[in-house]
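Asker: My questions all concern the structure below.
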Amino acid sequence: MQKSGQPYIENSLTKKDAPAQYEPQSKFTPLQLIPPINDNFRHLKGLKASRSQNNSKVKIKKVKQKFPSLMDFDEMQTQDDELEFNAYNVKPFDSVAPQTFRNIYKKIDTILQKKTLYQNQKMSLFSSVAESSKSEKLMPRTLGLIRPNTNNNKVLDASNFCMGDKYAKVLCSGVKLTLDYYEQVNLKNNNLTSRSSECLNQLIPTKLKGLNLQGNSLGQGGQEFVKALNTRYGQLQYLNLENNKFNDDGCRQLFKMLQENTIMQKLNLSHNLITDKSMPEFNALLQKNATLSEIYLHWNRIHQIGGQYIIAALFINYNVKVLDLSFNSLGIRYKDDAQSPQKNRLPYQTWPDYFSSKNCNLMHLDLSNNQFNQSQSEAIAKSLEDNHTIFGFHFSGNIHSSIDHLGFLNITKQTVEQKDVILKKNEEYQSEIIGALQIPRIDGLKQIQRQSQFYNEVCWICDGWVECTFLWQPNHLDIKREPLFIHLSHERYAPIKMELMDDEQRERSPMSRKSNSYKIWYVQRMVPSKQPIRFFFSSPLLKQAQVSSQYDIVDWPKAEQNKKVLFYMINEKHLTFRRPRQCNQIMLPSKQQFDELHYEPSVHCKPRIKDYGGILDLIIDDTIDENIDQADNFFKECHRDSDQEFSDCFEWDWNNSQLTKLIKEQDQLIQVKQYLHRIYRDLVSAYRHYSAYSPSGDIWSISLNVFTDIFQSSFVDNKSYLLKDLDISFRQTTSKYINQTRTSTSHALLRHQFIEILVRMSMDKYCKQPLLMTPIEALQKVYEVDGLQKKIESVQESQTWRDVYYWSMECNRVIQNNSSVLRQLYQECVQMRSLNYFTNKTFASPQSFKELFNRAGLINDVNAERNVLIAFALSVPLVLDEINQDRQIQMSYQEFVEALARVAEKYGQNKAVISSEQLALKLQHIIGQLQEYYQIVDENKIIIPIMRQSKKQTNFLQENVTKLLYEIDGSPINAPQIYEYDFVE
């Protein structure tokens, strides 16, 4: 009898109406199939302890009859449940994943039978894969899903398994349980067809960022796969559909879908069946899409018409940085013009038009093997000369061409015999490379591995070139004579001009900051990484080559020993001298020089920058000795500013200033005087420069407006010193002048007043409350801290300019060969002098010197009137008393020639003169301009020289040097005709 209040449960396997609260529980509840019948469950309510063992055996026997695969039921059931339960916690990239899959596959029949009994039973990843293999009647095999000990758990690499459509379903059955793991899926070379599209679209993760389907056959009937891309893969950034037999129909649909996409960055459609028919849609894609940065269309069937669609879109699209169009037919015009861009109202544009335009934003472009002919290739090479944005360019396989270390495309015309030789040399290359699939191709801005001996081109990106700064820091025994050149082994030791480093560049360079050298020359070049670079330095004027102690010094290789330095001359002569016995050597490691995230270069070097560096016959001549003190030296009669002159002028300015009354304490007065004496040379140079901006009458002086514009930033801080304070200090200084002479003025600063006002303003700024500095402390703070020193030293001292640039053999040669012309020009200038100067002396005044250029039309936008007056002021010698004397406005012949050189230095768009030979070129040009206007005939029949282009082209002197000479003023058409000159004995 049943007790009251206690439910009855029949101990039978077929009983299903027992209350749920009394069902037995175990730790494997999700996998529990049949309640175990043993002593462990006798504690449950409703089960009596007096059950007989025979009843249990009967029930076990019934279970075995219904499920023959179950062996020892009460022992094996717990083990199977535990195995499946542990599989839930095993991830596909754990080390125990392969063994777990083997154990699950062995028990798959038992697991499937349990699943049949309980329909809601969940299965693990391994059970799902095993079940799918069983249902498809496939043997288990490696699919890339289970990858123990992998380094990147977010990438599913199932490439090169040739799984086919059936095994793809097996793979997808496991992927759908691990959607949260992966961001990139690689299914390359797996024989997938359009029948796998539905499976892939449903099971590939929706948060996928990269999908590689290369080497499959999804293109034939794969439109359904393309449709799902826009809806399901909302985060997809990289799509690789290379070699999928996609035709124009599928590509059109893909291009239309990607027009509104704002995520996709990289698209690869290489090795497909794309023709010109789908190029209008591709043109619309590039015009509307703003995120695509890399596009690969290698090995398709795009002809010249399709290329015009691409070019028209690139003029508008600024985001595409990498484009691969290799192995197409862009140089051939297809017979069918139905898809002509002109019929779709697009302008006719070519690749040269794009390269030479400012809209070219590509960084890496591959146009190799596109059947461009000779004329097309030459036009492309010419247009690339002015392009400095494409850092990597490929053009092999069209005609015989080469790309040098600077990025220039060199096209050479080959005869039949030469072509046969080239083909014979490439037999080894053609035998090793079978098909285009093995040819290394560009990959974004990454370095790739390729055998450089098979490629007659240099790519800074693919070859992994790095930027290197070469420095020449001479000691007391090293060469210091400009111009200086460096010779690099990878550039066949061609001379490369080095530039003088300024103070700002020295601060940025770690090596130059440690140097004690007064002058440092530098040059930045792109060099190959991971290979030794040999180099040395030379000075052609001294005919001397040398190595640097700052770099490693090694012996020459045997093949390069006993060779000479070679310079090509403008007059078709050669300058040669012996190399150093040893050479410098460096080896740079590989380093990423381009930002792949933002597609920006991290180097200062630009591709295809022309080298105008060569040595000219105007500069080098064996008949002229190095010694500047020779009989025909023009500069031997020129005046040199001495330290004694500056000391005398300082004493005069100090005595005539009001500083002795302004500073009361004697100790402070002495300290200020010593400090001003130390910087007086720089102060005078700045005064002479700025006083020519707006002189007052016949005297050099600095007006209030000029002084405010230049020195306002060093004094006015709108706190302790205001702009009105500067005006008060200026009026206090200029209100007291010495004598009422015709040259004195009370409206501008004279030389001694310029020294005075700097001290006065420093004291007004820092010697009052609340700072209360001493006069010397205030002057030092303004000069060294507040930026006054940079303003003063920005003007080069007159004598330093003469020593570095002007007093040289190059300028001496120009002056001597044009002496007759210069004499007549000086007489013209003297005759223009005003009649107000009642003197018998022969000299040129500032007004007459300015009028000389004004009448010739040489005072214009590229040569301001201020430059002419500054040249005059800096050329005359230093005068002790500028108030009562007129020597500072009286210019002799030697000073007149120097003033011409100073005007020539600042003449033109490029006002930077970094070497004496460039100054000589500009001086020759300005003399020729004046001679042409005033119709001066050279009495010695010396014709003005020309810098003719050498017939032997080199990397450092490829262009006509007349371009360097006559583009100075930006008007080469108006330049006079120039011929080669003869030397006069």
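The values are calculated or read from the model by the stated rules, or taken from the named source; none is laboratory data. As the structure is a computational prediction, the values presented were derived from the model and not from experiment. Cβ coordinates were reconstructed from backbone atoms using ideal geometry, including for glycine residues, and neighbour counts include every protein chain displayed. Keep in mind that these areas ignore ligands, DNA and RNA; they rest on the heavy atoms of the full protein, side chains included. Shrake-Rupley method; radii C 1.70, N 1.55, O 1.52, S 1.80 Å.
Asker: Just the Cα atoms of the stretch 235-313, one point each, no solvent: what log10 I(q)/I(0) does Debye give at q = 0.23, 0.25 Å⁻¹?
Answerer: -1.14, -1.35
Asker: Extension gain Arg578-Asp503, at 0.36 nm per residue separation less the Cα-Cα distance, in nm? Mind dumping the intermediate values first?
Answerer: Details: separation 75, 0.36 × 75 = 27.00 nm, distance 3.37 nm.
Value of the extension gain: 23.6 nm.
Asker: What's the ranking of 749-762, 868-881, 250-263 by average number of surrounding C-beta atoms within 10 Å, highest first? Intermediate results must be reported in sequence, preceding the final value.
Answerer: Details: 749-762: 24.6, 868-881: 21.2, 250-263: 18.5.
Ranked by mean Cβ neighbours within 10 Å, highest first: 749-762, 868-881, 250-263.
Asker: Something else about it: Decide, for the stretch 746-851, between rounded, prolate and oblate: order the square roots of the alpha carbon gyration tensor eigenvalues as a ≥ b ≥ c, take rounded if a/c falls under 1.5, and otherwise choose prolate if a/b is larger than b/c, else oblate.
Answerer: Here the stretch 746-851 falls in the oblate category.
Asker: Of Lys188/Lys209; Lys636/Lys922; Lys137/Lys266, which ones are farther than 27 Å apart at the Cα?
Answerer: Lys137/Lys266
Asker: Amide H neighbours of Ile302 under 5 Å, at least 5 residues apart or on other chains, H built in the peptide plane: list them.
Answerer: Ser329
Asker: Here is a follow-up. Once you list every other residue whose beta carbon is under 12 Å from the beta carbon of Ser798, what net charge do they have if Lys and Arg are +1 and Asp and Glu are -1?
Answerer: Summing Lys/Arg as +1 and Asp/Glu as -1 gives -2.
Asker: Sticking with this structure for a sec: Ranked from highest to lowest mean number of other Cβ atoms within 10 Å per residue, what is the order of the peptides 669-678, 303-312?
Answerer: Going from most to least packed, we get 303-312, 669-678.
Asker: So what are the ³J(HN,Hα) numbers for the stretch 275-290, from phi and the Karplus equation (6.51, -1.76, 1.60; θ = phi - 60°), rounded to whole Hz, Gly and Pro as x?
Answerer: For the stretch 275-290, the Karplus-derived couplings read 10, 5, 5, 8, 6, x, 5, 5, 4, 5, 4, 5, 6, 9, 6, 10 Hz, x marking Gly and Pro.
Asker: Considering amide H positions built from the backbone, and no H for Pro or chain starts, which residues 5 or more places from Asp886, or on another chain, come under 5 Å of its amide H?
Answerer: The list, which skips near neighbours in sequence, is empty: none.
Asker: Between Lys134 and Lys664, 0.36 nm times their residue separation minus their Cα-Cα distance comes to what?
Answerer: Additional length available on full extension: 180.0 nm.
Asker: Take the cross-link list Lys169/Lys446; Lys413/Lys563; Lys413/Lys610 and give me the ones stretching past 24 Å between alpha-carbons.
Answerer: The answer is Lys169/Lys446; Lys413/Lys563.
Asker: Here is a further query. Just the number please: accessible area per residue for the stretch 250-379, 1.4 Å probe, all protein chains included, in Å². Let's see the in-between values first.
Answerer: Values: 4950 Å² over 130 residues.
Result: 38 Å² of accessible area for each residue.
Asker: Still on this structure, please answer the following. Could the peptides 554-567, 372-385 be put in order, highest first, of the mean number of other beta-carbon atoms found within 10 Å of their residues?
Answerer: Order by mean packing, descending: 372-385, 554-567.
Asker: Using amide H atoms built 1.01 Å from N in the peptide plane, name the residues 5+ places from Glu242, or on other chains, whose amide H lies under 5 Å from its own.
Answerer: For Glu242, whose amide H was placed from the backbone, the distant partners under 5 Å are Leu213, Gln214, Gly215, Ser270.
Asker: Can you give me the solvent accessible area of Thr576 with a 1.4 Å probe, rounded to the nearest 10 Å²?
Answerer: 70 Å²
Asker: Roughly how many Å² is the accessible area per residue of the stretch 676-720, as a whole number, for a 1.4 Å probe?
Answerer: Spelled out: the 1.4 Å probe surface of the stretch 676-720, per residue, equals 39 Å².
Asker: Can you check what the net charge comes to around Arg578, using other residues whose Cβ is under 14 Å from the Cβ of Arg578 (Lys, Arg +1; Asp, Glu -1)?
Answerer: Spelling it out: positives minus negatives among the neighbours equals +4.
Asker: I want to check the label-to-label distance for Ile586 and Ser647. Put each point 7 Å from Cα in the C-beta direction and report it in nm to one decimal.
Answerer: Output for this residue pair reads 4.5 nm.
Asker: Go through Lys256/Lys382; Lys661/Lys850; Lys480/Lys791 and tell me which ones have a Cα-Cα distance over 30 Å in this structure. Mind dumping the intermediate values first?
Answerer: Values: Lys256/Lys382 36 Å; Lys661/Lys850 40 Å; Lys480/Lys791 28 Å.
Violating the 30 Å limit, Cα to Cα: Lys256/Lys382; Lys661/Lys850.
Asker: Mind listing the phi-derived Karplus ³J(HN,Hα) values for the stretch 645-657, rounded to whole Hz, using 6.51, -1.76 and 1.60 with θ = phi - 60°, and x for any glycine or proline?
Answerer: 4, 5, 5, 5, 5, 5, 4, 5, 5, 5, 5, 9, 8
Asker: Subtracting the Cα-Cα distance from 0.36 nm times the residue separation, let me have the gained length for Lys106 to Asp727 in nm, one decimal.
Answerer: Result: 213.7 nm gained on full extension.
Asker: I would also like to ask the following. Work out the FRET efficiency for Ser735 and Gln796 from their Cβ-Cβ distance, taking R0 = 45 Å, and round it to the nearest 0.05.
Answerer: Calculated value: 0.85.
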